[in-house]
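See structure below.
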Amino acid sequence: METLLKSFLANVVLMLFVYLSATAQVVRVDAEHVVNTFSPLYALGSTVDRVPSNATDVFFRPDQIKQVQSAGWGVISYRQNTDLFVQAWHWNPKGTWSDPAGKGYFVGDANPTSEMIRHSYGYSLRHRGFTRNGGSEFDGYSRLNDADLNSYWKSNPYLSKRFTGEDDSLHPQWVVISLGNKEEVNAIRIAWAEPFARAYEVQYWIGSGDAMDEQDKGSWKTFSHGTVTSGSGGTATISLESAPVSTKFVRILMTQSSNTCDTHGPADPRNCVGYAIRELYLGTVSATGEFNDLLQHSPDQKQTLTLCSSVDPWHEPSDLYVAPDRMESGDQPGLDLFFTSGITRNLPAIIPVAMLYSTPEDAAAQMSYIKKRGYPVLYVEMGEEPDGQYMQPEDYAALYLQFATALHKVDPDFKLGGPVFEGVTEDIKVWPDAHGRTSWLGRFLDYLKAHGRIQDLAFMSFEHYPYDGCDTPWQNLYQEPELIEHIMKVWRDDGVPVNIPLLDTETNDHGGEAAVDIFGALWLADSFAGFLTAGGASTHYYHDLSYSPPHPACANSWGTYHMFMVDDKYQIKTPTSQYFAARLLTQEWAQPVDAQHRLFTAASDVKDGEGHVLVTAYPLQRPDGQWSLMLINKDHERAHTVHISFSSSQGESSFSGAVTILTFGKAQYQWHPNRKQGYADPDNPPVTSTLNVDENTSYELPAASLTVLRGKLQANKTQH
């Protein structure tokens, strides 16, 4: 009987849901309270990133630029990709080396010439300690266990007392060995280079989380005999414990340098600060003193994984390697090409400076060059994804202030910002400091405030990539815009002052093939409009140039991150769903003018049986006096009929008279995956119609669709 009753109730619920779905449900617009004002040319932007070197000239061809521009995006955010690959960016191929022999620290020439910069590249770093991170597994490897005692890792000299003005113990440098699985460890051998650590601790990780990616879910514990206070360099073998400890991660934390000079000599003081290690060995030592090394030593990706706090940007001309068809060694489009090609749409751009693996002098030269050329700059973004490089917030902040000082000498009005976080959806946690604080952004802000320099942060920037994995279930759509709204609240809770704008300088759905299906269009509209509704200043689509190889983790995914499919010569073939969504946002929902739009909120009672909101709505009052309402039906199986009501202190009102209706859904566009030959059929733009409406009109939203309604309002007759 109980089973029959449950079955009956389930059927009743299902019938009720079907009934409600088939009848007009309500979208209520709060037409009283403005939640944001913006100009679409500055708030709805796009990006340009590194591309294969043989694609640059094609992408920047006038006919290709014209098609890209037709999407209607505004301000361009230039992405600085070399930091992700642990490289030094030669933004200008011409410049000077610190060593008269033509090597060392490179500073690009700040003086423009008749020759335009069309291409620029990243140079691998001789003293890197990362086996891989970000995108660097394709280009380089750690010197900490490369089986070569003539090579070495060295920390960034700009994090030493000579440049920070603070004791080295306030910016401890570290290297971490990741063993992959828990291993028995009780001994370490460190082949130091110059400068070596006089004071350091050898520690192991305890806790439930990953030492690098879940830094607040555990702690470092110093081995019983792991504290060294008077290190003398050379090769030191340390018996850490009497009995082996089972651990997956081991860290060497360095707090006092010998300040002796490395192999590059004493002529440059940067050679004589920080820390350097030639090779690491880790394992167990027997009662007879025999050392059993657990590490794999190899000059490639077969080596045991190591990570580090920072890397010295010293390099040589031979460290440049360009593979024409590979992004990881490809082209950061030249600054002159970028500014003169038309891709910026004659608007000021967001320009980055390399910071993690560069020098303040080079950043100042870059911005001086841009200023002398007369190119308009809206903001200067400082570095790229320091959280992805595992940089501690105090180290990033110390570099930030040094670079800010150098840049403001070029122009005190430059608006600087960062930290350019990776696409996270929760607060970024780091190893606790002495006060137990684990918030990366909170500690970064505290550092600026403690040094009286919070005014040097003119904006806070981050990236938004909400989904992981090769498969993107349709239900993921239900998470936007809550994900973007939540992470922006996190940044404010971390201490970002309300007068500092939030910029999402790089975003896409990270969903593999789903990005170019109708899913990608719905996500883009929901995320961009949701970002502005949550109070954001500008959000930037990744990316304008139609380069998209298979997703690194998804070999069969050829559709990620672009508005167009291209042929094997990178020429645009056909638009994808996100192109059509971009035009709906920039040309139809918003008025394509540099004028203030007023954004309001709306609530929908269109939900599924689990309480997910299936229809989200974004009301906009445009400069031309029209109300524009974008509706997103995330139900991929059913159309929904909705009634729309506008509420204010003056009463209820509705669209009245002629209303323009634009609809984009599965009837206009369907994606057919076929690896690189994937295609859309149909592949049509939104359909446009006009309807005379009144307060009794209901609107049908096709399954899995975007709809924009645009017209004038009139008070409902029932109010009189």
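Here are a few things to note about the model shown:
- Sole residue being over 18 Å from the mean Cα position of the chain (by Cα) and of a type outside the set (Phe, Trp, Tyr), chosen from ASP427, ASP395: ASP395
- Filter pass, ALA349 being small (Gly, Ala, Ser) and either farther than 30 Å from GLY209 by Cβ or in contact with a helix residue (DSSP H, G or I) (Cβ under 8 Å, 6 or more places away or on another chain) (or both): yes
- Every listed requirement among (1) at pLDDT below 95; (2) out of contact with any helix residue (DSSP H, G or I) (no Cβ under 6 Å at 6 or more places or on another chain) is met by ARG622 save one, (1).
- Screening the candidates LYS634, LYS712, LYS676, LYS717 for the property of being among the basic types (Lys, Arg), surrounded by 22 or more Cβ atoms within 10 Å (Cβ to Cβ), more than 16 Å from LEU584 (Cα to Cα) and out of contact with any Asp or Glu (no Cβ under 6 Å at 6 or more places or on another chain) yields one hit, LYS634.
- The set of residues in region 531-586 being part of a strand (DSSP E or B), modelled with pLDDT of 95 or more and under 20 Å from TYR467 (Cβ atoms) consists of THR539, HIS540, TYR541.
- Count of residues meeting criterion [surrounded by 17 or more Cβ atoms within 10 Å (Cβ to Cβ) and either aliphatic (A, V, I, L, M) or over 18 Å from ASN508 (Cα atoms) (or both)] in region 68-77: 4
- Residue within region 78-91 that is out of contact with any Ser or Thr (no Cβ under 8 Å at 6 or more places or on another chain), without any contact (Cβ under 8 Å) to a residue 24 or more places away in the chain and farther than 16 Å from LEU125 by Cα present: no
- Any hit, region 363-371, residues being closer than 27 Å to ARG143 by Cα and modelled with pLDDT of 95 or more: yes
- Hey, GLN621 touching a Phe, Trp or Tyr at 6+ places or on another chain (Cβ under 7 Å) and closer than 30 Å to SER538 by Cα or not: yes
- Residue within region 259-278 that is touching a residue at least 24 places away in the same chain (Cβ under 8 Å), hydrophobic (A, V, I, L, M, F, W, C) and over 20 Å from HIS127 (Cβ atoms) present: no
- Verdict on ASP312 being acidic (Asp, Glu), touching a strand residue (DSSP E or B) at 6+ places or on another chain (Cβ under 6 Å), buried (at least 17 other Cβ atoms within 10 Å of the Cβ) and over 27 Å from VAL377 (Cβ atoms): yes
- Some residue of region 171-194 being on the phi < 0 side of the Ramachandran plot, free of Cβ contacts under 8 Å to residues at least 12 places away in the same chain and not in a strand (DSSP E or B): no
- Listed here are the strands (runs of 3 or more DSSP E) enclosed by region 267-324 that have at least 2 residues being in contact with an Asp or Glu (Cβ under 7 Å, 6 or more places away or on another chain): 276-285.
- Residue within region 49-70 that is in the same structural domain as ASN346 (by TED's automatic domain parsing), within 25 Å of LEU629 (Cβ to Cβ), modelled with pLDDT of 95 or more and not small (Gly, Ala, Ser) present: no
- ILE632 modelled with pLDDT of 95 or more, at negative phi, within 31 Å of the chain's Cα centre (by Cα) and not assigned by TED's automatic domain parsing to the domain that holds LYS569: yes
- Scanning region 223-246 for residues that are crowded, with 20+ Cβ neighbours inside 10 Å and under 32 Å from the mean Cα position of the chain (by Cα) turns up nothing.
- For region 13-32, the condition of being surrounded by 21 or more Cβ atoms within 10 Å (Cβ to Cβ), at pLDDT 95 or above and under 29 Å from ILE572 (Cα atoms) holds for none of the residues.
- Residues in region 568-623 that are of a type in the set (Ser, Thr, Tyr) and surrounded by 18 or more Cβ atoms within 10 Å (Cβ to Cβ): TYR570, THR576, SER577, TYR579, THR586, SER604, THR616, TYR618.
- Check on ASP608, among the acidic types (Asp, Glu) and in contact (Cβ under 8 Å) with a residue 60 or more places away in the chain: yes
- Residue match in region 508-524 (condition: at pLDDT 95 or above, of a type outside the set (S, T, N, Q) and surrounded by fewer than 21 Cβ atoms within 10 Å (Cβ to Cβ)): no
- Filtered residues of region 452-479 (kept if in a loop (DSSP other than H, G, I, E, B) and in contact with an Asp or Glu (Cβ under 8 Å, 6 or more places away or on another chain)): TYR465, PRO466, TYR467, THR472
- Residue satisfying all of: in region 635-678; outside any strand (DSSP E or B) and farther than 15 Å from ALA703 by Cα; modelled with the lowest pLDDT among these: ARG675
The values are calculated or read from the model by the stated rules, or taken from the named source; none is laboratory data. Since the model is a prediction, treat every value here as computed from it, not as a measurement. Note that each Cβ is placed from the backbone with ideal geometry, even for glycine, and that neighbours are counted across all protein chains shown.
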